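Below is one structure, written out as C-alpha cells; comments come after it.
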Amino acid sequence: MALTLGIETSCDETSVAVVQDGRKVLSNVIHSQVDLHKDFGGVVPELAARDHLERLPSLLDLALDNANIKPSDLDLIAVTRGPGLAGCLLVGVGVGEGLAAAWSKPLTGVNHLWGHTYAAMLAQPDLQPPLLGLVVSGAHSDLVRMPEHGRFEVIGRTRDDAAGEAFDKAARMLGLGYPGGPALDRLARTGDPKRRPLPRPSLEGLEYSFSGLKTALLYRLRDLGGSLTEQDRADLAAAFEHSVVESLLEKLDQALTASQSQEGVVCGGVAANTLLRKRSEEVVAGRARLTMPPLDLCTDNAAMIAAAGYSTSPLAGEVGRSPGGAFRPAVVDPSLSW
Ligand code: KG4
Ligand code: ZN
C-alpha cells in the first residue's frame, strides 16, 4: 500500500488530499476562494497566491487528520506544477518542496490536466488506459487519447475560448456573478433552449470554437435591450448551454467512432455542468463505458493530483498499475500543455 499527499494551488481552490494506491481517496479537503474574489468579478492572482499560502498549513493538518495518518506514513508528495497562475503554482510547489525535504519523501510535479483525467480513475477504480477523454475546464477544451499511463495525445482542441471560459463570459453578459459557470447552469434549469435559440458552433474535424456563439449572445442581449425579462435571461442561458454542450459532444461522438475506444471520460470543471452530464450519458451510451468524476472531483482538487502523481511514478510500477514512470521534477510551468 502506498500513500500519496496531493497539493493543488493552480488557481482559486486550495486543496490537500491523501490518496491510497492512486485510486482510493482517504481525504480531500478543498477551500474555495470564491468569497475572496467575487467582488472583483474574477480571480485576482496576487490575492489568490497569498490566500493559498495562508490556508495550506491548516488544510494540510486537516487532510492528514481526516485520513488518520501521520507524515511518516506517506510514500510520496505530488504537487501541481502547471498549467495555472504562476504565483499560485509557486506557493504549492514551494510548500511541496519544503515538506519533501523536512519529511524525507520523494516529490513529483504533476500536470494539472493529467490530474483532471486521473480524477476519473478515482471514480472508477478499475478504469485503465487506453481511454478517450474530453477535458473541459476554465482554460481547456481538449479531446485527448490516453494510450497508457502518463501518455496523452491531443486530437482536438478549441481555437479560441475554452468551454469554461465561454460559460464564465456568457454568465457575465447575463448579469450573473463570478463564478459564472455554476450560476449559468442554475439559471439554465429554468429556461427553454428552444425559445431563443443560439447557433451551434460546428467546425471541420475535431476543433472547437466558442467566440461566434459568445458574439451571438451579445447581439441577442443588445437587441432585447430594456425589454429583457427574467424568462428571456433563463432562455438565453439555456440556449447558450445547449449550444456549448452539443458542440462538445458532437466532436466526442466523432472521436469515439474514429478511435473505437471502449472507455470514455468526461472531466474537468465544466463536467460538473448538469446538461453536459446528462447528454454525455446519452451520447456515449451503448458504445463505450462513460466515466464522469463526481462533482467535487470535476472541479479543482488535490485528490486528482495525488492520483496522477502516483500513477505516473515508479511507486505505481511496484504494484503493477503502470510500467513505472519517474518522479517528475516539480518545476513551475504556468503554460504547461499536455
Ligand atoms: O477545472 P476547473 O475547476 O478549473 C480549471 O482548471 O480551469 O474548471 C473551472 C471552470 C470554470 O470556467 C467554471 O465556470 C466551470 O469550470 N464550471 C462550470 C460548472 N462548474 C464549473 N461550467 C458550467 N456548469 C457548471 N456547473
Ligand atoms: Zn482545473
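Just so you know, all these numbers are worked out from the coordinates, no wet-lab data involved. It should be emphasised that the depicted structure is a prediction, and the values quoted were computed from it without experimental measurement. All Cβ positions, even for glycine, are placed from backbone atoms using ideal geometry, and neighbour counts span all protein chains on display.
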Between residue 127 and residue 39, with labels modelled 7 Å along Cα→Cβ, what's the label distance in nm to one decimal, could you check?
3.9 nm
So, over other residues within a Cβ distance under 11 Å of residue 32, counting Lys, Arg +1 and Asp, Glu -1, the net charge is -4
Residue separation between residue 200 and residue 50 times 0.36 nm, minus their alpha-carbon distance, gives in nm 50.0 nm
Residue pairs, from the table 24/70; 24/169; 38/169; 38/214; 169/278, whose Cα atoms sit over 25 Å apart:
24/169
Computed curve, the chain, Cα-only Debye sum without solvent term, log₁₀ I(q)/I(0) at 0.15 Å⁻¹, is -1.20
Does region 1-129 classify as rounded, prolate or oblate by the C-alpha gyration tensor (a ≥ b ≥ c root eigenvalues; a/c under 1.5 gives rounded; else a/b over b/c gives prolate, otherwise oblate)?
prolate
Place a +1 charge on the Cβ of each Lys and Arg in the chain and a -1 charge on the Cβ of each Asp and Glu, then give the dipole magnitude about the Cα centre in debye, rounded to the nearest 20.
560 debye
To the nearest 10 degrees, the tilt of helix 86-103 (Cα long axis) against the first principal axis of the alpha carbons of the chain is 20 degrees
Taking every DSSP beta bridge that has both residues in region 1-120, what percent is antiparallel when rounded to the nearest 5?
60 percent
Net length gained if the chain between residue 281 and residue 253 were fully extended (0.36 nm per residue, minus Cα distance)
8.9 nm
Computed E for residue 230/residue 86 - FRET, C-beta separation, R0 30 angstrom, nearest 0.05:
0.15
Let a ≥ b ≥ c be the square roots of the eigenvalues of the Cα gyration tensor of region 131-293; is it rounded (a/c under 1.5), or, if not, prolate (a/b larger than b/c) or oblate?
prolate
Counting DSSP beta bridges in the chain, what percent are antiparallel, to the nearest 5?
60 percent
Once residue 24 and residue 335 are pulled to full extension, the length gained, defined as 0.36 nm per residue separation minus their Cα-Cα distance, is 109.0 nm
Please state the shape class of region 85-173: rounded when a/c is under 1.5, otherwise prolate if a/b exceeds b/c and oblate if not, all from the C-alpha gyration tensor.
oblate
Any idea which of 88, 273, 36 is furthest toward the positive side of the dipole for the chain, if Lys and Arg beta-carbons carry +1 and Asp and Glu beta-carbons -1?
273
Rounded to the nearest 10, the angle in degrees between the Cα long axis of helix 163-173 and the longest principal axis of the Cα atoms of the chain comes to 50 degrees
How long is region 1-55 along each principal axis, judged by its Cα atoms, biggest number first, in Å?
44, 15, 14
Could you give the dipole magnitude of region 1-154 about its Cα centre, charging the beta-carbon of Lys and Arg +1 and that of Asp and Glu -1, in debye to the nearest 20?
280 debye
Kindly give the semi-axes, whole Å and largest first, of the ellipsoid equivalent to region 135-175, taking each as the square root of 5 times a Cα gyration tensor eigenvalue.
27, 9, 5
